[in-house]
Amino acid sequence: MEETVTFKANMLRDKEIQEIVLNVYAALEEKGYNPVNQLVGYFISGDPTYITSHKDARTLIKQIDRDEILECLLTSYISLHREG
């Protein structure tokens with residue numbers, strides 16, 4: 001029996017968000033910052049100066065709304081840690 005695999009737009013968007021967050025994380029780490037603290041500061045305040053411009057990290061993170069990033073992160077976290 002053959003099955004057709006479909007990819008939802010959300011799945012592709014989540015993958016894009018994940019790649020951006022990981023690239024920003026790596027850039028912050030390379031510059032000697034605590035990436036988690038810097039990202040939390042950015043999410044809370046909306047101030048892009050929490051994100052380094054190294055490797056265009058600031059430009060990358062500003063391509064996606066903060067609420068969209070948080071939604072993706074929370075969804076991933078819950079699906080990884082859900083009991084079931």
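Here's the picture: charge each Lys and Arg Cβ at +1 and each Asp and Glu Cβ at -1 in region 9-81, and of N34, G46, L80 the one pushed furthest to the positive end of that dipole is N34. Ranking of E29, E83 by neighbouring Cβ atoms within 10 Å, starting from the fewest: E83, E29. The aspartates and glutamates whose alpha-carbon is closer than 14 Å to the alpha-carbon of K55, local same-chain residues fewer than 8 away aside, are E19, E29, E30.
Note the direction-averaged projected area, equal to a quarter of the hull surface, for the Cα convex hull of the chain, in nm².
Numbers: hull surface 30.2 nm².
That works out to 7.5 nm², a quarter of the Cα hull's surface.
Considering only alpha-carbon pairs that sit under 8 angstrom and 6 or more positions apart, the relative contact order computed for the chain is 26 percent.
FYI, it's all coordinate maths here, none of it is from the lab. For clarity, every value in this text was computed on a predicted model and none was experimentally measured. Note that each Cβ is placed from the backbone with ideal geometry, even for glycine, and that neighbours are counted across all protein chains shown.
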